[in-house]
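For reference, the structure discussed in these notes is given below.
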Amino acid sequence: MSHLLQRRTFLKTTLAATTAMALPMPAMAQDVLKMGVVLPSPAADVGWSHTLMAGIETVKAAYGDKLEVTVLENIAEGPDADRIANGLVAEGNKVLLLGSFGYQNGGIQIAKRNADVSIIHASGYLTEPNFSPFTAKYWQGTYLMGMAAASVTKTKKLGCVGAFAIPELITSINAFMLGARSVDPTIEMSVVWVNSWFDPAAEQDAAKALISQGVDVVFSNAQDTPSVIAVAEEAGVYAFNLNSSMVKYAPTKYLGVVGTDWGPHFKRLVDGHVAGTFEGLNYWLGMEDDVVYTADWNADIPADMVALITAKQAEIRANSFVVFQGPLVDQSGAERYAAGVAMSVDEMLGMDWHVAGVTTPLPK
């Protein structure tokens, strides 16, 4: 099917056990399936962990009281996460959702030791027969956000507060830049990396620094809090984010959201575990899979641009428009891909360079 990429982090543990309604599979007629969920940040009202939990709700609605879900929030990547995930297996959880890239190494070891456990992993790249990573083609939506940003910016300076300089976030930034420059090739963008998935204070400081430099559209790239969005609203500049809508934190200046709906994908994988057909595939899912979507577009976006964005989104869904296709020039001015040459999936999954217009060099 599709393919993959990267994810999340923070500290402290919170336990929440929930149950939910009747299994359609005969094999589970007598048994309750136990599922463990490990999250890198609080499952609050917005953000990555919130979006993962929304996906879990789809599974709970389908399985009802034949599914018992244990959720552990705010689990730091590293030894804590490994210990907690192993503990969930010891408690009889046969399906694990590991919600962060940094849970990969410990999770893959659990998969190798426990062939009867199916593991759904956010954003990694390793697979085992019972270990399946997933990620979203966020760049499909951020290209459209770039078009919108170009239509509302007055300074022609865009900004991005990024969590970590990993390919998943780099592709999102590059697509945002490509979308903006398709409208106005003079636009530039600065990036501040906070090196955390969950650090409200650092996110706020980064947003303020960008705004002080004249940025008037800010991309909150993989933050689990509305910190960047709220700072932008207060400063009177536009902002957008990934995963779940934060419009209530910016009622006037919210540009929109590049959202994700993981429910159907999670349900398919849990169904596969129950049926004995779970496969350790690397899923990279987008608009064509009904995983990535855009919403909450700002009314300030001109009507002619809304029409262009709508048409381009339809092309992206139909794969008749390819975002990462040459001519592609990097920020040093060197041509990376000639006209008509598209990046391969593996090349996108390993993208470690910025396109022209992004002025901030990538960290070494």
Task: Looking only at the stretch 46-71, and only at residues there that are aliphatic (A, V, I, L, M) and open to solvent by less than 20 Å² (accessible area, probe 1.4 Å), the one that is farthest from S196 (Cα to Cα) - done: L67
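Given the condition at pLDDT 95 or above and farther than 19 Å from L33 by Cβ, answer yes or no: does some residue in the stretch 110-121 qualify?
Here is the first cut: in the stretch 110-121, the residues at pLDDT 95 or above are 110-121.
Then drop every residue that is not farther than 19 Å from L33 by Cβ, which leaves 112-113.
Looking through the stretch 110-121, at least one residue is at pLDDT 95 or above and farther than 19 Å from L33 by Cβ.
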- [ ] Assess whether K137 counts as being buried (at least 20 other Cβ atoms within 10 Å of the Cβ) and touching a residue at least 60 places away in the same chain (Cβ under 8 Å).
- [x] yes
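Among the listed residues N174, N93, which satisfies the condition of being surrounded by fewer than 23 Cβ atoms within 10 Å (Cβ to Cβ) and polar (S, T, N, Q)? Don't jump to the end; show me each part of the working.
Values: N174 fails: surrounded by fewer than 23 Cβ atoms within 10 Å (Cβ to Cβ).
Answer to the check: N93.
From the set of residues in the stretch 239-260 that are assigned to a helix (DSSP H, G or I) and not charged (D, E, K, R), which is most open to solvent (accessible area, probe 1.4 Å)?
Step one: filter the stretch 239-260 for residues assigned to a helix (DSSP H, G or I), giving 247-249.
Okay, now just the ones that are also not charged (D, E, K, R), so 247, 249.
Working: V247: 56, Y249: 76 Å².
The extreme case among them is Y249.
Please work out which residue is nearest to A44 (Cα to Cα), limiting yourself to the stretch 261-279 and to residues that are under 18 Å from the mean Cα position of the chain (by Cα) and open to solvent by 10 Å² or more (accessible area, probe 1.4 Å).
Result: D261.
Please report, ordered by residue number, the strands (runs of 3 or more DSSP E) entirely within the stretch 270-364 with at least 3 residues that are more than 27 Å from V215 (Cβ to Cβ).
283-285
Could you tell me whether G124 is surrounded by fewer than 24 Cβ atoms within 10 Å (Cβ to Cβ), out of contact with any Ser or Thr (no Cβ under 8 Å at 6 or more places or on another chain), closer than 23 Å to M53 by Cβ and not aliphatic (A, V, I, L, M)? I'd like the intermediate steps shown before the answer.
Numbers: surrounded by fewer than 24 Cβ atoms within 10 Å (Cβ to Cβ): no; out of contact with any Ser or Thr (no Cβ under 8 Å at 6 or more places or on another chain): yes; closer than 23 Å to M53 by Cβ: yes; not aliphatic (A, V, I, L, M): yes.
Criteria not met by G124.
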TODO: Report yes if some residue within the stretch 107-121 is of a type in the set (G, A, S), farther than 22 Å from S49 by Cβ and open to solvent by 10 Å² or more (accessible area, probe 1.4 Å); otherwise report no.
DONE: yes
Open item on the list: Criterion first (acidic (D, E), open to solvent by 40 Å² or more (accessible area, probe 1.4 Å) and either modelled with pLDDT under 95 or touching a Pro at 6+ places or on another chain (Cβ under 6 Å) (or both)) does D199 satisfy it?
Closed with: yes
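Taking the condition of being buried (at least 18 other Cβ atoms within 10 Å of the Cβ) and either assigned to a loop (DSSP other than H, G, I, E, B) or not basic (K, R) (or both), how many residues in the stretch 178-189 meet it? Give the steps one after another, and end with the answer.
So the first thing to find is which residues in the stretch 178-189 are buried (at least 18 other Cβ atoms within 10 Å of the Cβ), and the list is 178-181, 187-189.
Retained after the next criterion (residues that are either assigned to a loop (DSSP other than H, G, I, E, B) or not basic (K, R) (or both)): 178-180, 187-189.
Adding up the residues that qualify gives 6.
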Task: Filtered residue count, the stretch 280-337, keeping only those that are surrounded by 15 or more Cβ atoms within 10 Å (Cβ to Cβ) and among the hydrophobic types (A, V, I, L, M, F, W, C) - done: 17
Open item on the list: Looking only at the stretch 157-168, filter to residues that are touching a strand residue (DSSP E or B) at 6+ places or on another chain (Cβ under 7 Å) and farther than 17 Å from D199 by Cα; which one of those is surrounded by the fewest Cβ atoms within 10 Å (Cβ to Cβ)?
Closed with: K157
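The values are calculated or read from the model by the stated rules, or taken from the named source; none is laboratory data. Fair warning: this is a prediction, and the values are worked out from it, not measured in the lab. Neighbour counts run over all protein chains shown; Cβ positions are idealised from the backbone, glycine included. In case anyone asks, the SASA skips ligands and DNA or RNA and just uses the protein heavy atoms, side chains included. Shrake-Rupley method; radii C 1.70, N 1.55, O 1.52, S 1.80 Å.
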